[in-house]
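The values are calculated or read from the model by the stated rules, or taken from the named source; none is laboratory data. Bear in mind the structure is a predicted one, so any value in this text is a computation, not a measurement. Neighbour counts run over all protein chains shown; Cβ positions are idealised from the backbone, glycine included. We work out accessible area using only protein heavy atoms, side chains counted, and drop any ligands, DNA or RNA first. Shrake-Rupley method; radii C 1.70, N 1.55, O 1.52, S 1.80 Å.
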Amino acid sequence: MQLRALRKEAIESLKDVGVEAAGVCVDWLLGDVLKMTRTEIIVHSTVEVTSAAEDIVRSGLVRRATGEPIQYIVGWTEFYGLRLEVDNRALIPRPETELLVDEVLRLTEGVPGCRVLDVGTGSGCIALAVKSQRPDGQIVACDISEDALALARTNSAQLDLPVTFLLADVEKGQSMAAVGYGFDVMVSNPPYIPTRELAALPKEIIQHEPVEALDAGLDPLRYYRALIDRASETVVNGGRLVAEVHSDYGSQVAVLARRKGLSDVRLSADLAGLPRMVVATVGHGRDLSRSSVDRES
Ligand SMILES: C[S@@+](CC[C@H](N)C(=O)[O-])C[C@H]1O[C@@H](n2cnc3c(N)ncnc32)[C@H](O)[C@@H]1O
């Protein structure tokens, strides 16, 4: 079958069952199976697709039509310019989470050997993106899920970006002792969807992505309480906590951070203008760069 005909049929079949951005999904799938860029798919639209390749595309379309995310079907996604392996062991990294990476990079600019802790690392996306831009940084990442850590370690090895991945529960101070102390920045995209809101999520999320990566239980501030407590223990005086937030609860997270003694608390919006990230300083004392100089001397 000609590529052009297969592409047209595939897009129509996904549109028929209400899949959004059907063209993007189909081109991602075709590109992955045929090892072509999107431009090549358009330019070489008259090439013949082998029946073996057509079968793989068709089975991917069936999976997509039943709601499975395209990233799990092809097995990879892009985050901060890195190609990451993804599957249902961890959340699919979202573009808005790149804002956290930008912020961590801004905060660690000019900090030699910066130490960054990523809590709830999932696929390892934040930790690996930071390591890719701060090669001399010491990046530690933890998660409560052994499955997610296995995926993160695979990504670390494939990208040749050394990060220390550890099993730890942010809600248990003792468990977090293993990750160490003296971090310049603690960054986290924790689970933040209250259980009562889970049922309203699109089925491609709730039926395919790991619920423990999303579910904050009854209290939407649950993980922020733990993060703030752990930041006070593991981050240097003057270091920062950078956390992604649910847009409805961002200001409550900011109030909580101030109440628990963090300073310079800032709530930032994403490109759509929605509150998306809280940044706060741990303690009031020295600045970040000074803490690193102290460590080196
Ligand atoms: C929203 S996902 C974020 C994953 C990844 N950082 C990202 O941005 O795509 C939250 C992650 O926190 C982990 N997690 C849940 N509870 C945790 C806990 N008590 N301690 C540490 N990690 C936890 C989940 O396993 C999941 O990988």
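Restricting attention to region 1-27, the residues that are aliphatic (A, V, I, L, M) and either open to solvent by 40 Å² or more (accessible area, probe 1.4 Å) or touching a strand residue (DSSP E or B) at 6+ places or on another chain (Cβ under 7 Å) (or both) add up to 5.
Within region 240-277, being at positive phi and open to solvent by 80 Å² or more (accessible area, probe 1.4 Å) holds for one residue alone: Asp264.
Note on region 137-180: among residues that are among the small types (Gly, Ala, Ser) and near the ligand (Cβ under 10 Å from one of its atoms), the one that is farthest from the chain's Cα centre (by Cα) is Ser175. The residue that is nearest to Arg94 (Cα to Cα), among those in region 241-267 that are away from the ligand (no atom under 16 Å from the Cβ) and assigned to a strand (DSSP E or B), is Leu267. Answer with yes or no whether Gln138 is assigned by TED's automatic domain parsing to the domain that holds Asp184 and under 18 Å from Glu78 (Cβ atoms). The answer is no for Gln138.
Taking the conditions exactly as written (surrounded by 15 or more Cβ atoms within 10 Å (Cβ to Cβ), within 18 Å of the chain's Cα centre (by Cα) and assigned by TED's automatic domain parsing to the domain that holds Ser247), does Leu221 satisfy them or not?
Spelling it out, it is not the case that Leu221 is surrounded by 15 or more Cβ atoms within 10 Å (Cβ to Cβ), within 18 Å of the chain's Cα centre (by Cα) and assigned by TED's automatic domain parsing to the domain that holds Ser247.
Suppose the filter is more than 15 Å from Thr121 (Cβ to Cβ), open to solvent by less than 30 Å² (accessible area, probe 1.4 Å) and either in contact with a Leu (Cβ under 7 Å, 6 or more places away or on another chain) or outside the structural domain of Gly137 (by TED's automatic domain parsing) (or both); does Asp215 pass it? Here the answer is no, as Asp215 does not meet what is asked.
Counting only helices (runs of 4 or more DSSP H) that sit completely within region 1-72, those holding 2 or more residues that are closer than 21 Å to His208 by Cβ and not small (Gly, Ala, Ser) correspond to 3-16, 22-34, 51-65. Each residue in region 211-230 was checked for being in contact with a Ser or Thr (Cβ under 7 Å, 6 or more places away or on another chain) and in a loop (DSSP other than H, G, I, E, B), and 2 of them qualify.
Within region 197-210, track down each residue that is assigned to a loop (DSSP other than H, G, I, E, B) and within 13 Å of the ligand (Cβ to nearest atom). Within region 197-210, Leu201, Glu209, Pro210 qualify. Please work out if Arg134 is away from the ligand (no atom under 13 Å from the Cβ) and surrounded by 18 or more Cβ atoms within 10 Å (Cβ to Cβ). Taking the combined requirement at face value, the residue satisfies it. Exactly one residue out of Gly67, Gly75 is surrounded by fewer than 20 Cβ atoms within 10 Å (Cβ to Cβ), within 30 Å of Leu161 (Cα to Cα) and away from the ligand (no atom under 15 Å from the Cβ), and it is Gly75.
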